[in-house]
Amino acid sequence: MFAFSLRLVAPYWKWLAIVIATMVVEIVMTLASPWPLKIVLDSVFGAEPIPPVFAWFTGPVTDRLALLNIAVGATVVIALLQAAGAYLNAYYTVSIGQWIAHDLRQSVYAHLQRLSLSYYDRHQVGPLISTITDDIDAVQEFISTSLLDLVIDSLTIAGMLVVMLSLNWRFTLVALAVTPLMLIFVYRLRAAVKSATHDVRRRQSELVTIVQEGLGAIRVVKAFAQGRFERQRLEAKSVESVEAALKARRVRSLLGPVVTALVALGTAAVLWFGARLVLEGAMTAGALVVFLTYLGRLFRPIQAVARASTNIAQATVGLERVRDVLDADDRLVRAPNAAPLGPVEGRVEFRDVTFGYDPSRPVLRDISFTIEPGQLVGLVGPSGGGKSTLVGLLARFYDPQQGAVLIDGRDIREATIRSLRGQIGFVLQDTQLFHAPVWHNIAYGRPDATRDQILDAARLAQAHDFIEALPQGYDTVVGQGGLTLSGGQRQRLGIARAMVRDARILVLDEPTSGLDAASERLVFEALRRLRNGRTTFVIAHRLATVRRADVILVIADGRIVERGTHGALARAGGLYARLLDAQEQEEEERPSGPERL
Ligand code: ADP
Ligand code: MG
């Protein structure tokens with residue numbers, strides 16, 4: 001953890017140097033601050049010589065009033081230097097904290113983008129969001145406010161000890177008699193605070209998850225009138241989070257009172273012994289003042305350290321959670337000789353592919369087939385059979401456990417992922433649009449597309465007319481001001497998006513399911529244009545969709561149970577023929593009215 005922190009701070013060593021320099025100024029000035037008073041008490045009122053450090057600056061001063069002026073002047077100068085140091089220090093410390101937080105956000109998000117989909121099968125998004133926001137904020141907060149304070153305080157304590165020991169070492173020991181008690185107490189408390197903080201953070205990310213789910217699925221929540229249930233779910237978690245926070249707070253709240261009581265004990269001892277020493281003439285009144293001032297200061301850092309313990313705990317917990325994400329190694333294996341996949345012809349081959357999301361339970365078994373460039377492939381079969389999984393392997397969303405997928409005869413694991421995915425266009429069951437202008441949404445698969453290319457794609461995808469009719473045409477921001485698009489419109493934008501990408505291989509995963517007959521016709525028209533000689537995989541629920549396919553693969557239970565053209569399969573009397581029968585019957589019966597539902 002320490003090495004990790006060092007790596008984070010390393011790029012900012014210049015600022016760190018400034019911070020340390022100003023810190024030294026601040027510490028020295030803090031140490032010097034009670035001395036003008038000592039000079040007044042001992043040298044202006046009394047007959048002590050000026051302390052040596054001050055004598056450097058002033059030389060021998062015999063006039064008491066001049067000495068008083070010097071002491072007064074020194075008070076102001078010391079305070080000004082201390083203030084300037086504190087200002088620069090605070091500014092650069094916060095800068096370091098903010099930029100480290102920025103670096104962390106960048107690397108965590110970049111890492112999350114690199115992780116394979118199987119990571120997301122096993123992790124919820126809520127805690128990840130909360131890591132990238134709250135955990136990193138805690139780290140930033142700690143660096144900006146507590147870390148430097150901790151360093152300053154520790155060094156100040158060390159400096160004070162040196163000065164005190166040189167003034168009167170025996171007396172210093174008396175003054176410090178209570179410190180070990182305090183340290184033990186603070187140390188034990190820290191462990192408790194840290195475990196409580198872990199608890200708090202876990203509950204907070206559960207809160208985020210609930211809000212994210214509840215708002216993300218707001219349509220479902222409303223449709224099923226489950227608003228109250230969602231509210232209660234949040235309430236229960238929120239109460240737990242409050243309780244956890246209060247528990248952490250309870251532990252922490254012990255700290256102030258205990259430390260204050262111990263400080264009072266220490267101060268009383270110093271007064272009692274010190275006053276006697278002054279009366280005996282073994283120590284000057286000014287030295288006692290210096291002692292008392294230091295003592296107040298000495299315990300303040302300990303209190304601050306203790307107070308910072310929550311910050312420290314939060315930051316440590318935050319860093320641990322950040323580390324968990326950064327250490328997650330769930331990337332696709334990269335072949336050492338991976339090379340970009342050039343423009344392909346579009347021959348696709350699956351060779352004895354076996355794959356399971358959980359390797360012990362295969363979802364696809366011994367899948368083998370070859371598709372020639374430009375062919376249309378229909379994938380049909382019962383839902384859950386593995387069709388979507390199969391096309392996912394083509395884009396390397398996952399890697400098969402056995403066998404290989406080849407494009408133009410090359411194992412896709414030997415191609416860079418970016419270049420591979422650049423060869424494949426997707427239109428899925430539901431097209432996800434981003435909160436961005438329409439033209440941006442179309443160009444998503446190819447950010448360098450020209451305006452003409454986007455317009456062409458939209459026209460071919462039958463989307464141009466409805467886009468023009470939107471309030472700001474192509475500049476309309478999707479999802480803004482309640483602007484939502486119908487399912488058919490979204491699909492046509494999805495097709496336009498695949499169109500500008502201009503990939504040789506197309507995957508259409510039930511692109512029209514859930515559309516009404518009229519939208520479906522429009523979408524099919526667009527899809528036919530999109531196809532335009534590309535190797536195309538169509539997953540279709542309605543068998544009529546793939547009637548003209550060059551080859552139809554019937555997939556059930558993770559295996560290809562039949563393959564052939566529509567005509568051959570219909571005659572063969574297998575699963576395909578049975579599905580066909582069932583659907584034709586359905587179609588025939590459909591006109592007989594809605595009561596069939
Ligand atoms: P189809 O598209 O033919 O309906 P899928 O390929 O979506 O079928 O699913 C095949 C099987 O894999 C199903 O049993 C499904 O539950 C399972 N499955 C799909 N996606 C995942 C996933 N991300 N993690 C685990 N299992 C999955
Ligand atoms: Mg599917």
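What is the chain's relative contact order, in percent, from Cα pairs under 8 angstrom and six or more apart in sequence? Taking the mean separation of contacting Cα pairs over the length of the chain, I get 13 percent.
In deg cm²/dmol and to the nearest 500, what is the mean residue ellipticity at 222 nm of the chain if only DSSP H runs of at least 4 residues count, each as -39500 (n - 2.57), divided by the residue total?
-19500 deg cm²/dmol
Atom-type composition of the exposed protein surface of region 387-530 places 49 percent of the accessible area on carbon and sulfur (1.4 angstrom probe).
For the chain: lysine pairs with Cα atoms under 22 Å, gap of 8 or more or different chains, count? The partial results should precede the final answer.
Details: Lys194/Lys237; Lys194/Lys247; Lys222/Lys237; Lys237/Lys247.
Counting lysine pairs in the chain gives 4.
Return the carbon/sulfur percentage of the accessible area of region 205-363, one whole number, probe 1.4 Å, all protein chains in place. Of all accessible area on region 205-363, carbon and sulfur atoms account for 59 percent.
Could you tell me whether region 1-80 comes out rounded, prolate or oblate from its Cα gyration tensor? Rule is a ≥ b ≥ c as square roots of the eigenvalues, rounded for a/c under 1.5, then prolate if a/b exceeds b/c, otherwise oblate. It comes out prolate by the Cα gyration axes. The residues packed around Gln429, meaning those with a beta-carbon under 12 Å from its beta-carbon, carry a net charge of -1 if Lys and Arg are +1 and Asp and Glu are -1. When Rg and the Kirkwood radius Rh are both evaluated on Cα atoms of the chain, their ratio Rg/Rh stands at 1.19.
Could you work out what % of the accessible surface of region 1-74 is carbon and sulfur, using a 1.4 angstrom probe and leaving DNA, RNA and ligands out of the count? Ligands and nucleic acids excluded, carbon and sulfur give 76 percent.
Go through 489-502, 53-66 and give me the packing order, highest mean Cβ count within 10 Å leading. Show your work: numbers first, answer last.
Details: 489-502: 26.0, 53-66: 11.1.
Ranked by mean Cβ neighbours within 10 Å, highest first: 489-502, 53-66.
In terms of its C-alpha gyration tensor, region 507-597 comes out oblate, because a/c is 1.5 or above while a/b does not outweigh b/c. Centroid-to-centroid, using Cα positions, region 1-69 and region 365-421 are 72 Å apart. At full extension, Leu234 and Ser360 could sit 41.7 nm farther apart than now, given 0.36 nm per residue minus the alpha carbon distance. Surface exposure of the chain, expressed per residue as accessible area with a 1.4 Å probe, stands at 53 Å².
The values are calculated or read from the model by the stated rules, or taken from the named source; none is laboratory data. Source: prediction; values computed, not measured. Every residue, glycine among them, receives a Cβ derived from its backbone with ideal geometry; neighbour counts consider all protein chains shown. Accessible surface is based on the protein model in full, side chains and every heavy atom, while ligands, DNA and RNA are left aside. Shrake-Rupley method; radii C 1.70, N 1.55, O 1.52, S 1.80 Å.
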